[in-house]
Structures are given as C-alpha cells and as structure tokens.
Amino acid sequence: MRNYDVLIVGAGIVGCACARELAHAGLRVGIVEGNISSAGATAAGMGHLVVMDDSPAQLQLTRYGRALWQQLLPELPGAVEYETRGTLWIAADEQEMAEVHAKKTTYSAAGVRADILDGVQVAAEEPNLRQGLAGGLLVPDDAVIYPPAASEFLLQQAMSHGATLLQGNAAVSAAGGNLHLADGTALHGDRIVLATGADCALLPALPIKKRKGHLLITDRYPGFLHHQLVELGYLKSAHKLEADSVAFNIQPRKTGQLLIGSSRQYGDENPQSDSRILTQMLERAQSYMPALAQLSGLRVWTGFRAATPDKLPLIGPASGLSDDSSLWLAAGFEGLGITNALAAARLRSDQLLARTSEIDAAPYLPQRITKQAALHA
Ligand SMILES: Cc1cc2nc3c(=O)[nH]c(=O)nc-3n(C[C@H](O)[C@H](O)[C@H](O)COP(=O)(O)OP(=O)(O)OC[C@H]3O[C@@H](n4cnc5c(N)ncnc54)[C@H](O)[C@@H]3O)c2cc1C
C-alpha cells in the first residue's frame, strides 16, 4: 500500500490548487482522478475571476481568491489567457441603478475598486449594448482566465514539487485514511481531501446539489466586446435556489470569441443541452446585445455547479458530516470555483499545517451545515 501525507480525490481546479499548495509545503501528496484531470466542471466553467457580494463571507473569499490569482499572474503561462477585462454590471433601469449604488458602497467598504457609470458611459464602453440602459458598475480588477489551462498549470506545479497523479481510476471508498480505487489499488493518506466537485458518491451526506449550466461560444469577433458584462438581474437568478433561471452574462475571450451564458437548473442531471433553456438564455442575451443575432455560434456545452444550501463552499474537516477524522473537504464551489480555487487551497493548507490564515476560515467550515440544520430543526 502506498502512503501519503495527503491524498486528494479529484483533479479539477480545486484539487489541483490544493495539491500545489501542499506539495510546495513539502508534504507527500497523491492526487486520484477517476477521469482525466481538469475535465469536470473546470472544463465547463467560464473562467470569470469575479468579486461577488452575496454575503460578507462570499465577498471575503472572492476578494481573497482574486488577489491570489493576481499574485500568481507573473508565473502564469500564456495558455492560461489571463486578461484583466473588468466586470461591467449592467443596470437596465433606475431600480437596478439603486442596486449599483448599494453594490458600490459594499465594494468600497471592502477595498474593492468599483466605478459607477451612467447610461452614456456604459454605451461608450460597450457600443454593442442596446440603447437606453440606465448605467452600470465597473469593477476594473476582475479578470478572465481559461480554466482548464489554469488547472493544468497548478497540477504541473504540484507534480514538479513531488505530487503523484493517479488518473483514470476512480476512488470507490474513503475511510480511516484508506482509499480504495476501482481497479483494487489501495492507498493510505493521513488525510484524504474530497475535491470531487458535484460528485457525492464517496460521502453521500455531502449537502451538495448539481446545478446545470449552459454556455455557448461564438466564432471570432475581435473588438465586439471589451469587458465581462453581467446584468444585475444575474444576482437574482443566481440566488434562486429552486426554479430554473437565465441571465445575461457575456465574456470576451483572448481569441476574439464571445462566451455567452448563463443558465441555472436544478433536477436535470442530463449533460445534453436543453433547447428550451438555451433559447431563453440566448433571447435574454440578444435583448441586451441585439447585434449578437448576426453572429455565429460554434459550440454549446453544459456543466454542473456544486451547490450548497447557503451558497458557500465546504473547506475543512468533514466533521458533522462524517465521524471519520481523516476526511477533509474542498467542495461545493457552485459558480465560483475558478475564482476561489487558490483561496480554498490556501485555507486548506493553513488548516492542515496549523498556520494562521489571512482571512477568517470559519464561514466555510463544513460543520456549519450541521449547526444550521440543528438550528432549523
Ligand atoms: C456553466 C458554468 C459556468 C461557470 N463559470 C464560472 C466562472 O465564470 N467563474 C468561476 O469562478 N466559476 C465558474 N463556474 C464554477 C467552476 O467551474 C467550478 O466551481 C469549479 O470548476 C469546480 O472545480 P472542482 O475542482 O471543485 O470540481 P471539478 O472540476 O468538477 O473536479 C472534480 C473532479 O473530481 C473527479 N472525481 C469525482 N469523484 C471522483 C472519485 N470518486 N474518484 C476520483 N475522481 C473523482 C471528477 O472526475 C473531476 O475531475 C462555472 C461552472 C459552470 C458549470
């Protein structure tokens, strides 16, 4: 049986980021991936590095996550396609302008740069938007990356510091520090970190639901779009915990392509695209950018976000969800796992190495879920 200090199950961007941190710290790290690395939600995501303010805990984590990506920027290879495009939150009317002002206040208090634009300024920034929008909020330091390349970079860094990747062989059980793989291989780790995205098979008590999303990528149209644009209604869409929803969200890729989102659906675990929700999503996008109707779409795909009941990830010991003290979690990142991967990995390694973290890790500890359940019982 091979022995490791830490075994990480799942080589998505979160598992790869955790492996990099722990291998850099000198631990013996094994990464077990049932498929191929970076092929889960990481390959399906949009790659928007975005500060979000749904809750103080989300704001703290996304701000930290974005800052860690900024710090890593000098080391990132060109394939990661990091571009500081900024996010332009679009306000369609005066009611949404009130949200712009509230968001600006929240961001400023957290030290996040943000500028209020009026309708004329928004039109000047993005001439392909429809006329008559009320204004927006520009968050200039938000960025865009290509997630699979970023994840592979983190994995290569982990491996260059001694981490071992076992690929194409799923873990079928994890208990007492022992990990059994589908082909019968047995591994031991003092800690086992489940970074399995939306897959709960190893710990069915995980409070994670799959939330399906669609994306469409167009042909190349350099100069058509300059920022990542998100309608303020996106926040309402992302917050709905049950109903299907769509919202206008479009990203300029370094290739000149446009990546158009986004949809959110519960209860549909079929990875095939759903023409009904795709049509709604594209109609929504065209209502904000009528000229999109003239462009060619190349490919549509879907992916599954790993949604938790309180929209925060699970980072830390699995206590409360399992009696097994060897089991740790780095899962449940919903639509922010690319943004938060480095932050989660840093918090994880701080916990394992008993270091003081730069931010308060308590809001993301899995044990909160059982505490919340007890409060509501
Ligand atoms: C449509 C869409 C758009 C998104 N846009 C953004 C965005 O713009 N910005 C952002 O920050 N986030 C975004 N996200 C979210 C982001 O993509 C995810 O949060 C992130 O990729 C999660 O990474 P992960 O490593 O936790 O999971 P995954 O990438 O899913 O990796 C989990 C891995 O675990 C493996 N695995 C599972 N079970 C086992 C097992 N038993 N044994 C071995 N291996 C196993 C899987 O094969 C997989 O490779 C988006 C997601 C979607 C779906």
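Accessible area per residue for the stretch 282-367 is 38 Å², calculated with a 1.4 Å probe on protein heavy atoms, without ligands, DNA or RNA. Taking all protein chains together, I217, I31 sort by accessible area into I217, I31, largest first [probe 1.4 Å]. Whole-Hz Karplus values for the stretch 256-266 come out as x, 6, 10, 9, 10, x, 9, 10, 9, 9, 9 Hz, taken residue by residue from phi with 6.51 cos²θ - 1.76 cosθ + 1.60 and θ = phi - 60°; glycine and proline positions read x.
Ranked by the mean number of other Cβ atoms within 10 Å per residue, highest first, peptides 99-110, 289-300 order as 99-110, 289-300. The radius of gyration of the Cα set in the stretch 145-246, together with its Dmax, comes out at 19.5, 55 angstrom.
Can you give the Rg to Rh ratio for the chain, taking only C-alpha atoms and Rh from Kirkwood? Don't skip to the answer; put the middle values down first.
Details: Rg = 20.5 Å, Rh = 21.1 Å.
Reported Rg/Rh, Kirkwood definition of Rh: 0.97.
Taking the square roots of five times each eigenvalue of the Cα gyration tensor of the stretch 1-123, the equivalent ellipsoid has semi-axes of 37, 16, 14 Å, listed largest first.
Across the stretch 346-359, computed HN-Hα scalar couplings (Karplus, 6.51 cos²θ - 1.76 cosθ + 1.60, θ = phi - 60°) run 5, 5, 4, 6, 4, 5, 5, 9, 6, 9, 7, 7, 6, 10 Hz from first to last residue, x flagging Gly and Pro.
Our coupling estimate for the stretch 59-75, obtained by passing each phi through the Karplus curve with A = 6.51, B = -1.76, C = 1.60 and θ = phi - 60°, is 4, 4, 6, 5, 5, 5, x, 5, 5, 5, 5, 4, 5, 7, 3, x, 8 Hz, Gly and Pro reported as x.
Regarding the stretch 77-208, what is the average projected area of its C-alpha convex hull, in nm²?
For the stretch 77-208, averaging the hull's shadow over all directions gives 12.9 nm².
Just so you know, the averaged projected area of the alpha carbon convex hull for the stretch 1-54 sits at 5.3 nm².
With r defined as the distance between the Cβ atoms of D93 and R113 and R0 fixed at 30 Å, what FRET efficiency is calculated, to the nearest 0.05?
It comes to 0.75.
On the principal axes of its alpha-carbon atoms, the stretch 288-357 has extents of 56, 25, 21 Å, going from largest to smallest.
Cα extents for the stretch 226-377 along the principal axes, largest to smallest and rounded to whole angstrom: 56, 37, 27.
The share of accessible area on the stretch 129-284 that comes from carbon and sulfur is 50 percent, using a 1.4 angstrom probe.
Give me the accessible area per residue for the stretch 55-138, probe 1.4 Å, as a whole number in Å².
Numbers: 3800 Å² over 84 residues.
With the other protein chains kept in place, the stretch 55-138 gives 45 Å² per residue.
Of all DSSP beta bridges located in the chain, what percent are antiparallel, nearest 5? Given both bridge residues lie in the chain, the antiparallel proportion sits at roughly 65 percent.
The values are calculated or read from the model by the stated rules, or taken from the named source; none is laboratory data. Fair warning: this is a prediction, and the values are worked out from it, not measured in the lab. Every residue, glycine as well, gets a Cβ built from its backbone with ideal geometry; the counts of neighbours run over all protein chains shown. The accessibility values were calculated without ligands, DNA or RNA, using every heavy atom of the protein model including side chains. Shrake-Rupley method; radii C 1.70, N 1.55, O 1.52, S 1.80 Å.
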